[in-house]
Amino acid sequence: MKARLNGGLCMKILAVEFSSDHRSVAVLNGERLLAENIITEGRNTAAVQLIESTLTEAKTNRADIECIAVGIGPGSYTGIRAAIALTQGWQLGIGIRVQAVESLEALAIGRQFAGARGEITFAVDAARGEFYLAKFELGDDGMRNLEPTRLAKQDEFESLLSSGQPVVGPSLAKKYPEATEAFPSAEFVGRLAAKRTEFVEASELEPVYLRKVDFVKAPPLRDIPPL
């Protein structure tokens, strides 16, 4: 995301967080939550309907929204792409301002609001034997990012669990009972966006994806003589 546009704080915010199986939409006035709806069906989410029902519950019209805040992962690539596509369409249609928020940061501030304290690693299963990890220190007056989001191998993740350090993330506890189950939500994507004055062009939005893109260049075509 190369484009960074400065502006004032947004008041009416539509926040979208689709990076996990718990997909959510929220409407906020500054940092005050007006309405939030969460769907746990994952890929079966009717995104536009979810947005419309949340706007209705918040007694807010589309025209009142000043900013869209979108969770960009890491997490479900399909879900994040769907949220980005919605955001891009909205900005293209009416030129609204856009904020991009990392989903693990939203998860961290959500846990801080819920009363969690101390150093906590937040994790997302990245498949292929890898995990996205980010560490935050949660305190009474906010939180501090100790380790930015990075990729780690499964043995490092399992070593972290066995050490007794707190690990929190979506869809982890069933396979790793030492981890605490928690999902990022649109409310906290919106709360983070409400404090920021830097905006992005929706066309530049990309999911958090830290793997190198590997491809094999096709060999040049051979000249085959005619028969």
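The Rg/Rh ratio for the chain, using Cα coordinates for both the radius of gyration and the Kirkwood hydrodynamic radius, is 1.05. A Cα-only calculation for region 105-181 places Rg and Dmax at 11.8, 37 Å. Per residue, the chain reaches -8000 deg cm²/dmol at 222 nm when only DSSP H runs of four or more residues are counted, each adding -39500 (n - 2.57).
How much length would be gained if the chain were fully extended between R144 and E204, taking 0.36 nm per residue of separation minus their Cα-Cα distance, in nm to one decimal?
Working: separation 60, 0.36 × 60 = 21.60 nm, distance 2.66 nm.
Once the chain is fully extended between R144 and E204, it gains 18.9 nm.
Rounded, prolate or oblate: which fits region 3-122 when a ≥ b ≥ c are the square roots of the eigenvalues of the alpha-carbon gyration tensor, with rounded for a/c under 1.5 and prolate only if a/b beats b/c? It comes out rounded by the Cα gyration axes.
Along region 147-164 the Karplus relation, 6.51 cos²θ - 1.76 cosθ + 1.60 evaluated at θ = phi - 60°, assigns HN-Hα couplings of 9, x, 4, 8, 8, 9, 6, 4, 5, 5, 4, 5, 5, 4, 5, 5, 6, x Hz to successive residues, with x for each Gly and Pro. For GluC sites (Glu not before Pro), the sites in region 159-208 that DSSP calls loop and that have at most 15 other Cβ atoms within 10 Å are E178, E201.
Only the coordinates and a few stated rules stand behind these numbers; no lab work does. Please read these numbers as outputs of a predicted model, since none were measured by experiment. Reconstructed Cβ throughout: ideal geometry from the backbone, glycine too, with neighbour counts over all protein chains shown.
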